[in-house]
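*Asks:* One structure follows; several queries about it will come next.
Rule-based calculations on the coordinates, nothing more; no lab input. Because the structure is a prediction, the values reported are computed rather than measured. Here the Cβ positions follow ideal geometry from the backbone for every residue, glycine too, while neighbour counts run over all protein chains shown.
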Amino acid sequence: MCSFASYFVICSGESERQIKAIYDDVEQTLKKEGVLPHHREGTLDSGWLLFDFGDVIVHIFTPLEREYYQLAELWSRAVPVIRIQ
């Protein structure tokens, strides 16, 4: 689907605290496996955080920002590996 990543993870948190917890857990879990991000973007107060792990890009949104950017719609032709609602 794209040349710069093999997988996108798109998730939401209901509050800044929940988004921070998701962000911290992703970072800590992958760090334990020796996987460090190439790049980070966003801030808690922006409602969007991003990790770029090369082949995997992780987006963490507030519901409002997720609706605004509609990445799930943009990548709707991609085959989901897993979907958790």
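*Asks:* So, in nm, how far is label E67 from label A21 when the simple model puts each one 7 Å beyond its Cα toward the Cβ?
*Replies:* 2.3
*Asks:* If contacts are Cα pairs under 8 angstrom and at least 6 residues apart, what is the relative contact order of the chain in percent?
*Replies:* It rounds to 35 percent for the chain.
*Asks:* With r as the distance between the Cβ atoms of I84 and L44 and R0 = 22 Å, compute the FRET efficiency 1/(1 + (r/R0)^6) and round to 0.05. If you can, show how the numbers build up before the last one.
*Replies:* Working: r = 22 Å, r/R0 = 1.02.
Efficiency computed from Cβ-Cβ geometry: 0.50.
*Asks:* Starting from the alpha-carbon convex hull of the chain, give the projected area averaged over all orientations, in nm².
*Replies:* With the hull built on Cα positions only, its mean projection is 5.7 nm².
*Asks:* Using +1 at the C-beta of Lys and Arg and -1 at the C-beta of Asp and Glu, which of V35, V56, V9 has the Cα lying farthest in the positive direction of the dipole of region 7-74?
*Replies:* V35
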